[in-house]
Amino acid sequence: MIEYVVQGADQTLVLADGVVEHLLSHRQTKRWSSEAGGQLFARISRFEIVIAEATGPRRSDKRTRISYQPDRKLEQEEINQHQQVGLAFVGDWHTHPELVPAPSGRDLASISECFRKSSHHLNAFVLVIVGTSASPKDLHVSLHNSGGQLIEFGGIHPEP
């Protein structure tokens, strides 16, 4: 389990062990590895956002070494299924073929558009980018709102 303190929100963002394992299992460790990605689902309380499940990749996703386009129809089906068991869609994850990943301009635009077009009551969506490092501390984790703003960039720190 990895915990991040969300500065100014009195909340902790938690990545469950199974989620971390799933994310790291899709690292692009080979020169021919394609990007992978999926969605993040959480249980939300006043003090915690516990990401309990990560989906993807799907066979119908479009994947290359440096790009990832999810199957939007299947994503909506995943959202509907997870809502039925009390898990809220809170964001996306994908891989990058770099040791310590950073979001591209396209990544930032995509997560902001997703936030804007989705029906929800959240202040931000979570974006996780998985690099080639096997260390969970090297995951890129950030929060994004509809204005394209990166919220708390550099301000979300793993708890020691």
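The values are calculated or read from the model by the stated rules, or taken from the named source; none is laboratory data. Keep in mind that what you see is a predicted model, and the values were worked out from it rather than measured. Don't worry about glycine lacking a Cβ; one is built from the backbone with ideal geometry, like all the others, and counts go over all protein chains shown.
A Cβ distance below 9 Å, combined with a sequence gap of six or more or placement on separate chains, defines the contacts here; from the range 21-37, residues that are more than 13 Å from ILE66 (Cβ to Cβ) reach residues that are among the aromatic types (Phe, Trp, Tyr) in the pairs HIS22/TRP93; LEU23/TRP93; HIS26/TRP93. Among the criteria (1) modelled with pLDDT of 90 or more; (2) in a loop (DSSP other than H, G, I, E, B); (3) closer than 20 Å to VAL50 by Cβ, the one ILE79 does not fulfil is (2). Count of the range 116-132 residues, restricted to those that are part of a loop (DSSP other than H, G, I, E, B), touching a His at 6+ places or on another chain (Cβ under 7 Å) and farther than 15 Å from VAL20 by Cβ, is 1. PHE125 passes every criterion in (1) at pLDDT 95 or above; (2) surrounded by 21 or more Cβ atoms within 10 Å (Cβ to Cβ) apart from (1).
This table checks each residue for (1) over 16 Å from HIS144 (Cα atoms); (2) among the hydrophobic types (A, V, I, L, M, F, W, C); (3) touching a Gly at 6+ places or on another chain (Cβ under 8 Å); (4) surrounded by fewer than 19 Cβ atoms within 10 Å (Cβ to Cβ).
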| site | (1), (2), (3), (4) |
| --- | --- |
| ILE66 | yes, yes, no, yes |
| ASN80 | yes, no, no, yes |
| THR95 | yes, no, yes, no |
| PRO101 | yes, no, yes, no |
| GLY105 | no, no, no, yes |
| LEU108 | no, yes, yes, yes |
| GLU113 | no, no, no, yes |
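Where strands (runs of 3 or more DSSP E) sit wholly within the range 1-73, those with at least 2 residues that are at pLDDT below 95 occupy 2-6, 11-15, 48-54, 62-64, 67-69. Residues considered: PRO97, PRO103. Of these, the only one that is in a loop (DSSP other than H, G, I, E, B), under 19 Å from TYR68 (Cβ atoms) and under 13 Å from the mean Cα position of the chain (by Cα) is PRO103.
When you scan the range 33-40, do you find a residue that is farther than 16 Å from GLU78 by Cβ and surrounded by fewer than 20 Cβ atoms within 10 Å (Cβ to Cβ), even just one? Yes, some residue in the range 33-40 is farther than 16 Å from GLU78 by Cβ and surrounded by fewer than 20 Cβ atoms within 10 Å (Cβ to Cβ). Taking the conditions (1) surrounded by fewer than 19 Cβ atoms within 10 Å (Cβ to Cβ); (2) within 21 Å of THR12 (Cβ to Cβ); (3) modelled with pLDDT under 90 in turn, SER135 satisfies each one other than (3).
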